[in-house]
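First the structure, in the form of structure tokens, and then the observations on it.
Every number in this text was worked out from the coordinates using simple rules, so none of it is lab data. Just so we're clear, the structure is a prediction, and the values are computed from it rather than from any experiment.
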Amino acid sequence: MLGFDPEDPLPGKHPGLTLLNDRPVNAETPPHLLEPKVTPADRMFVRNNGLVPRDLPPTPTTIPPDWALRIAGEAVPEPVTFTLSELRERFPNYTYQLTLECGGNGRSEFNPPARGNQWSTGAVGCPEWTGVRLRDVLKAANYDSSKAVYIGYYGKDTHLSGDPDKVPISRGVPIEKALEDESLIAWAMNDEPLPLLNGYPLRLVFGGYPASCSGKWLSEIVVRDRVHDGEKMGGQSYRVPCEPVAPGTTVEDKDMCIILDMPVKSLLTSPRTGAIVEAADGLSIGGHAWCGSSEVARVDYSIDFGASWTACQLNRPANRFAWQHFSAKVDFPVAGYYEVWARATDADGNAQPMVLPGWNPRGYLNNACHRIAVKVV
Ligand SMILES: Nc1nc2c(c(=O)[nH]1)N[C@H]1C(S)=C(S)[C@@H](COP(=O)(O)O)O[C@H]1N2
Ligand SMILES: [Mo]
């Protein structure tokens, strides 16, 4: 069964990705590989909860026309099935650049540590996605807007235990998010079929929400009359304490709230940490900034551990929920060792914290400033 091939655990992926786990397969992208404004498919991180469905080609080149997607649930009068070719032909196709970030990105810094994959900074990417609007498909299935509360997904990946009755993950989003223009059922990443490990041949994409909402290997969408209660919706999964807690606190399930949009964050992708630069040349820095709810309004950098900040150049996003490129030319007063910090602020005035924000039991939502080391000679 696919899930871990010792010869090639990451088929179709860049050799520079860092493998964090081989069963299930989880891999993150080092910052310098995220430099392109549009994330190349082979550099998109991988976060699997179960085993990749069998019988799919490791490096897909075509989109299977007969892959079926079922729409059901309490708020759909009659279950409806669409093949992938029907989806493509019946509904207008849209392409958006959308940021996907795992809710656990940055988990490795929490103390006391949180169990789970120890993501550092690389569970994020922003490729272009092509598909149809989830809204259009739900309308064609005659969903009942007076009943609909949440959507949930099911994919064809299998549970680690091999038990066919168990589902590795089945999450979703509130109906308001499902109906947004940019909420897609996607079959292409950067104009090519989705990579196997990123959900080939069909997946949901909800930019700005924890990436766990974006179901891969998509086979069914349920329109629920309640908050979806699928696998990893409840308990402590993808939830944080409703009220802040001291590090190490045991929090009861009833006091945990579902994560919705992701907080403002940025990543320095160039230069690579450890760079050695000539004082006379100055240093060009660059990276990306994103946030789940609005737009990033500014990015600043600091070379004195946050004592003073200077504004970077910041691009507008390609569309809502796309990350934004920033850059600056940095001059250093004297030679020596520096850390370059970046800090993004969103349009609502929320800035990234310089230190780890609110500890939580599962280690989600670490949006502390990213920093790189530079030696000036
Ligand atoms: N079917 C299915 N969908 C899934 C998952 C999964 O394990 N199975 N993992 C989720 C999680 S936790 C994340 S962070 C994203 C990762 O998307 P990527 O692997 O394409 O980067 O997919 C989400 N969708
Ligand atoms: Mo995730």
Exercise. Which of the aspartates and glutamates could be linked to LYS156 by a straight reach, that is with a Cα gap under 13 Å, when you skip same-chain ones fewer than 8 residues away?
Worked result: ASP55, ASP165, GLU220
Seminar exercise, completed: Excluding residues fewer than 8 positions from LYS37 in its own chain, the aspartates and glutamates with Cα under 16 Å of it are GLU101, GLU128, ASP191
Exercise. For THR81 and VAL355 in the same chain, what is the full-extension length gain: residue separation times 0.36 nm, less their Cα-Cα distance, in nm?
Worked result: 93.8 nm
Exercise. Once amide H atoms are built 1.01 Å from N in the peptide plane, which residues 5 or more positions from GLY292, or in another chain, come under 5 Å H to H?
Worked result: MET262, VAL264
Seminar exercise, completed: In whole Hz, the Karplus estimates of ³J(HN,Hα) for the range 303-318 (6.51, -1.76, 1.60; θ = phi - 60°; x where Gly or Pro) are 10, 10, 6, x, 5, 9, 10, 10, 6, 8, 5, 10, 7, 6, x, 4
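Can you tell me how much longer the chain between ASN93 and VAL377 gets when fully stretched, taken as 0.36 nm per residue apart minus their C-alpha distance, in nm with one decimal?
Working: separation 284, 0.36 × 284 = 102.24 nm, distance 5.21 nm.
Here the segment from ASN93 to VAL377 would lengthen by 97.0 nm.
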Exercise. Hey, in the GNM for the chain with a 10 angstrom Cα cutoff, which one of THR83, THR345, THR95 fluctuates hardest?
Worked result: THR83
Seminar exercise, completed: Long-range amide H partners of VAL277, meaning residues 5 or more apart or on another chain whose placed amide H is closer than 5 Å, are LYS375, VAL376, VAL377
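Where both residues lie in the chain, what percent of DSSP beta bridges are antiparallel, nearest 5?
In the chain, approximately 90 percent of DSSP beta bridges are antiparallel ones.
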